[in-house]
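The next block holds one structure in the form of structure tokens; read it before the comments.
The values are calculated or read from the model by the stated rules, or taken from the named source; none is laboratory data. On a predicted model such as this, the values are computed, not experimentally measured, just so you know. Because the Cβ atoms are built from the backbone with ideal geometry, glycine has one as well, and the counts that use them run over all protein chains shown. Quick note on the areas: whole protein, heavy atoms, side chains included, nothing else; ligands and nucleic acids left out. Shrake-Rupley method; radii C 1.70, N 1.55, O 1.52, S 1.80 Å.
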Amino acid sequence: MIKVSNLTKRYAGHTAVQDLCFEVARGEIVGFLGPNGAGKTTTMRILTGYLPATGGEVYIAGHDVVTESMEVRRNIGYLPEHNALYTEMRVKEYLRYRGRLKGLGRKRLRVRVDEVCEQCGLEHMRRRIIGHLSKGYRQRVGLADALVHEPELLILDEPTIGLDPNQIRQMRDLIRGLASRHTVLLSTHILPEVEATCQRVLILHQGRIVASDTPSNLKELLVSGDRILAEIRAPREELLSEARAIPGVARVEAHGDGPWVAVEITLAESVSGDLRPAVFDLAVRHGWSLRELKLRDRSLEEVFAELTREEEEPTAP
Amino acid sequence: MRAFFTLWRRELGAFFLSPIAYVMAIFFLVVMGFSFWFLARVFTLGLVGVPVMSQLFGSLFFWIPFLIVVPVLTMRLFAEEKRQGTIETLMTAPVTDTQVVLAKLAGVFTFYVVMWLPTIPYAFILHHFSSQTAPFDFGPMIGGYIGAALMGLFYLSIGLFCSALTRNQIVSAIMSFSIMLLFFFGGFLHFLEVQPLLKQVSGYASSALHMLEFSRGAFDTRPLVFYLSSTIFVVFCTVRIVETRRW
């Protein structure tokens, strides 16, 4: 659906995107993840034909974005970063205008406007002036606009930015619901979002792709040893030395003082297996109370931080 | 073509949803109305021989609102889209840059024409209540309207061009106002004793002179060609400016 090869974009003085290569298959939901300024918006603008690339090629549904721009635009539904709408228009009026602009015929237009209003939960807002709507509803109007001409590909630039937690959840559900009929490329800098919505993540940093995989694989990619968190009521020093004695433990750190000691136990890399029973046995043996014992899951957040940090180091002077 | 009409309709519609457009239309009509009342008064005082219609199009009462209304009507066109960010959704829809520019010009021109419509009864009122036939003639009236339309088209395209240059509406209005004044006052060089070449060139481009000619009922093809070709040139430049984001 999308084929990007060696995409480069240079603005006067700096390179926003460098040698980007990736493909997105039909029906996938792909998340574009990166800190602000990583080149997500630039890449999306190039995909939609709004900006030209400095170098490289982009094909969307088999059409070159430069030479067959009109074909490409007909195949794309785009929700830009700040979701700008004509605030003086009414919802239905706006969607009809956009649909007509995108070449829908009269009958088809009427049907589609009703369909997207229903799909995006705008049935009761049709007659409202866009400027009077809340941010969440405006975002839905933007999405309805992106959907109105039934594009094969949806490009959504930070679709949940500025929404409250409820609206974010509704937006995510909406996007997930689109996957059956559309290919979706969405960008975000919020990690739980890609974990919740995307099948595949492309992590972008300083204009390059630093990782591309499923959210769960990405987590495994950088797991260098399981960690266990435990809170035990025990004398600190004794607990530390006893914990270090457990076979397979590489490092033990204790936090907090007072009767309850929180220990973080890191396994040696060579060891696989669960050490939680060993910790439990240790507590039982000494008659210590145990109030928490869990495996520490690495969040995508940490993976992300690690990936983007690695990239930064070589460039530092 | 369909995209053009869709865009044109939205541009025209935007004027009717904007308070600035109403304020400008009212300002224009108040001044024109005053101008008409003033001329009718002069006429009733017995100063026979005053060419009322040509005065309506050629006097300062025409030029002052014209020079203010045009920059204000056009300043929004591109600047607003850029500031709001709607330019991005507009330009990623399957429409060409040329279609967008032409539709915007057509939209503002249509509004401009609509703004003039209430002045049409002036001539008929005068005609109806005047016992004399001499001071009134439809020729100058039609000439005056053609002149106002042609000149409007050209100056509106300048305003559109300025709007495409910036994201700030005020900057756009001041730029187009300055360019229009330059043209307007440049035309007066014709009336001064200057080099023959300069005199001739400024005569060709003098809007004030053109309006005087048109509102005398004299139809000359030179201003027609001048305004149409200049408009085409400015539209061409505007399309290039809109394209610059791709450079």
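Here the stretch A:232-252 is the region considered, the condition is being in a strand (DSSP E or B) and modelled with pLDDT of 85 or more, and the residue that is surrounded by the fewest Cβ atoms within 10 Å (Cβ to Cβ) is A:233.
Only one of the numbered conditions (1) within 10 Å of another protein chain (Cβ to nearest Cβ); (2) farther than 30 Å from residue A:135 by Cβ is violated by residue A:67, and that is (1). Taken together, the criteria place residue A:73 among residues that are within 14 Å of chain B (Cβ to nearest Cβ) and crowded, with 22+ Cβ neighbours inside 10 Å. Check the stretch A:153-175 and report whether any residue there is open to solvent by 50 Å² or more (accessible area, probe 1.4 Å), in the same structural domain as residue A:198 (by TED's automatic domain parsing) and under 27 Å from residue A:70 (Cβ atoms). No, that holds for no residue.
The condition of being farther than 22 Å from residue B:177 by Cα, hydroxyl-bearing (Ser, Thr, Tyr), surrounded by fewer than 23 Cβ atoms within 10 Å (Cβ to Cβ) and touching a residue at least 60 places away in the same chain (Cβ under 8 Å) holds for only one of B:98, B:86, that being B:98. Of the helices (runs of 4 or more DSSP H) that lie entirely inside the stretch B:4-112, those containing 1 or more residues that are of a type in the set (Phe, Trp, Tyr) and modelled with pLDDT under 95 span B:19-44, B:52-58, B:60-74, B:76-84. Residues in the stretch A:101-117 that are closer than 14 Å to residue A:77 by Cα and either of a type in the set (Phe, Trp, Tyr) or within 14 Å of chain B (Cβ to nearest Cβ) (or both): A:101, A:102, A:103, A:104.
When the helices (runs of 4 or more DSSP H) confined to the stretch B:177-247 are screened for residues that are in contact (Cβ under 8 Å) with a residue 24 or more places away in the chain, those reaching at least 2 such residues are found at B:207-214, B:221-243.
Regarding the stretch A:48-61, can at least one residue be identified that is closer than 15 Å to residue A:138 by Cβ, buried (at least 23 other Cβ atoms within 10 Å of the Cβ) and at the interface with chain B (Cβ under 7 Å from one of its Cβ atoms)? Looking through the stretch A:48-61, none of the residues is closer than 15 Å to residue A:138 by Cβ, buried (at least 23 other Cβ atoms within 10 Å of the Cβ) and at the interface with chain B (Cβ under 7 Å from one of its Cβ atoms).
Residues being part of a loop (DSSP other than H, G, I, E, B), closer than 22 Å to residue A:23 by Cβ and among the hydroxyl-bearing types (Ser, Thr, Tyr) are represented in the stretch A:164-180 by at least one member.
Filtering A:124, A:132 for residues that are open to solvent by 30 Å² or more (accessible area, probe 1.4 Å) and within 14 Å of chain B (Cβ to nearest Cβ) leaves a single hit, A:132. With the requirement that a residue be open to solvent by 80 Å² or more (accessible area, probe 1.4 Å) and modelled with pLDDT of 80 or more, what does the stretch A:282-307 give you? Scanning the stretch A:282-307 gives A:284, A:285, A:291, A:294.
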